[in-house]
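Report on the structure given below.
The values are calculated or read from the model by the stated rules, or taken from the named source; none is laboratory data. Note that the coordinates shown come from a computational prediction; the quantities given were computed from them, not determined experimentally. All Cβ positions, glycine included, derive from the backbone under ideal geometry; neighbour counts span all protein chains shown.
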Amino acid sequence: MPLTKKQKDSIKEKLYTVLRNKFRDYKPETTSMPFHTRLLGKDRMALYSFIQSLNTNFGTSIFEPLAVELGKDRFKIIDKQVAAKDIITSEAQIVIQNIMDDLRSANKSPNKDEEIKLIKKVCKIGEAKKIKPTKIDIYIEDYNNNIYLIDLKTAKPNKGEFKDFKRTLLEWAAVSLYYNSDNNVHTMIGIPYNPYEPKPYERWTIAGMLDLEKELKVAEDLWNFIGGDNVYNDILLCFEEVGLDMRKEIDEYFYNFLHKDNK
């Protein structure tokens, strides 16, 4: 189902606001890069610095609110930056450690359904311990007793990071099941776009750690899951329309920014 006009207008308004707030508050890095600046020009370096700064909070300022907007009429609950439950049992911790050890040593391949079954068996057995899991970037409950906990990540995570990602997903499942073992808990990594497009997302660092079918949603799969079939291209079109509409404003901002800096 394509996006409604109301959804498109809401997405575009959010983009206008984020960019204009960024223009207002932006302070460039003070790091001197004399070789780069002389080779590429001060204007290009200023734009590069701005893009890098925008990237640091693109997830929280754009992608997370976008997800909530897209999913609010489709799901029972959808929210961003939700605190995870904080109680896990000692037996669940042991099971999680065993899963991680098997994956690191390649004794087993990732199988999320089997891993959840193992955790569910012990989710209320042993000493109850309080932990501090990372916040859930996107929290979803549907109308069929399913809970989806999504951790949004950059398009090209490093190899070592996937071990931490996997442990987070398993811990989220364990703490959620401790409070309600009847829920169907789905924990996954969401990557907003595919940097290898039109080729499939084939980040080699994922191999052996994530169940690609159950624990990873990239680009179209992520946004169509949240917003409905075929919304991905509509989202891209919203971004394009805002970019075209603000092109003069963006050009003037950088011209004035550099001119002011040279006074």
*asked:* Can you list the strands (runs of 3 or more DSSP E) lying wholly within segment 113-183 that have 1 or more residues being surrounded by 15 or more Cβ atoms within 10 Å (Cβ to Cβ) and touching a strand residue (DSSP E or B) at 6+ places or on another chain (Cβ under 7 Å)?
replied: 136-141, 146-152
*In segment 221-251, how many residues are loosely packed, with under 12 Cβ neighbours inside 10 Å, assigned to a helix (DSSP H, G or I) and modelled with pLDDT under 95?*
3
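Limited to segment 158-181, what total is found for residues that are among the small types (G, A, S) and either out of contact with any helix residue (DSSP H, G or I) (no Cβ under 7 Å at 6 or more places or on another chain) or free of Cβ contacts under 8 Å to residues at least 60 places away in the same chain (or both)?
Matching residues across segment 158-181 total 3.
What number of residues within segment 140-177 satisfy the criterion of being among the small types (G, A, S) and modelled with pLDDT of 95 or more?
3
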*Single residue of K214, K260 found to be of a type in the set (D, E, K, R), at pLDDT below 90 and assigned to a helix (DSSP H, G or I)*: K260
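How many residues, within segment 81-92, are out of contact with any helix residue (DSSP H, G or I) (no Cβ under 8 Å at 6 or more places or on another chain) and in a helix (DSSP H, G or I)? Walk me through how you get there before you give the answer.
The first filter runs over segment 81-92 and keeps only residues out of contact with any helix residue (DSSP H, G or I) (no Cβ under 8 Å at 6 or more places or on another chain), leaving 82-83, 90.
Checking which are in a helix (DSSP H, G or I) leaves us with 90.
Count: 1.
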_Residue list for segment 99-109, restricted to those being surrounded by 13 or more Cβ atoms within 10 Å (Cβ to Cβ) and either at pLDDT 95 or above or part of a helix (DSSP H, G or I) (or both)_ = I99, M100, D102, L103
